[in-house]
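Novice: Questions regarding the structure given below will be posed in turn.
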């Protein structure tokens, strides 16, 4: 518990100084749009490229469209190979097409999934389908809430098989005379199923021949499947304050199971301040990891074994499935989360989890966006870190880290001069052009952007 309190203080302190990444669900206002375009010089792993970016966003009533054109040219004037070497790279020029917003009665988003979540997050939580700029994917979120029942869905990759999940839920008391009682009528019961259809999701032993670029799978546990159930009761204490106690159960097929008892608090202060907090106590059985499909799952799924000894990674596991197979008793754990949004111009989000007996179970997620509407500066950043062993390991950039940061100044209302830093991942491919591993990649880009908002 002391470590959890320490992390809460550390998270709040960090959020006051860190620059921020694009915040989840941050779109232009209805019937407005914006055009961002920029040029700069990018250094990718020490090699220079000339960069051109065009990112228009349009919002028509409930509809929204965002494009994302990124071109990197080498010093010979040729487009960088990894920009457009897969069909999904062309699809990803459309960053998103959406209808509504997460939490609306109907919400849909096609494109990049930044932080997709099902239910309370015990199975799919903050899932990012494109942690690498060079392997951008097109996925789908589709939710519908019909009052008495509804569903949420996530699909990670239309280019090839990937993570898919669905949660259906019902509010049973709304079918009875108790529907008139405001406190208990919102009782919600849900059931979830998720599966990773990727062919490497269950691989626990494999060998990679670095000279021939051929991968030989030695042991495969089959596709990773997870089922779950949950119950929650939103209690509207006032028009501005809601408390939701909940309980989740999840079972990883062929492995272990776990439960989570949590409390979520929501504050909506007259449209000026939004705050959300969540605290969970997690009870985990043998061979079970909560929130299995998380922000860096696409990196954890499978890590090619170049040594031929199945110990390519620092923790000795070739895949997340192998880690799960050898986990044993991870112990119980805590999870905490805090979101603050002020005037829709200052957004901060931080979360941290750690299990009692697993020394490499820490997972940190930080995002903030400080961009006043009429301000002369922009500061954005986002940071994810998995398998954290101790507090000294928190902000060390390595193969378990993902970082985006941009700091900029507006000499003119429509011009932004900024520095962009990315610690992301570059794919390793086999002889058949399949991605079998990721290695850290550093990108530094001085950028001049033109930002032009306009009414529709």
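None of the figures in this text is laboratory data; all of them are computed from the coordinates on show. The model shown is predicted, which means the values in this text are computed figures rather than measured ones. Counting neighbours? That spans all protein chains shown, and the Cβs are built from the backbone with ideal geometry, glycine included.
Novice: Fewest first, what order do 205, 137 take by the number of other Cβ atoms within 10 Å? Walk me through the numbers on the way to the answer.
Specialist: On the way: 205 16, 137 24.
With the fewest neighbours first, 205, 137 line up as 205, 137.
Novice: Now, a different point. Taking other Cβ within 10 Å of each residue's Cβ, how do 320, 387 sort, fewest first?
Specialist: Listed from fewest to most nearby Cβ atoms, that is 387, 320.
Novice: Mind sorting 132, 376 by how few other Cβ atoms lie within 10 Å of their own Cβ, fewest first?
Specialist: 376, 132
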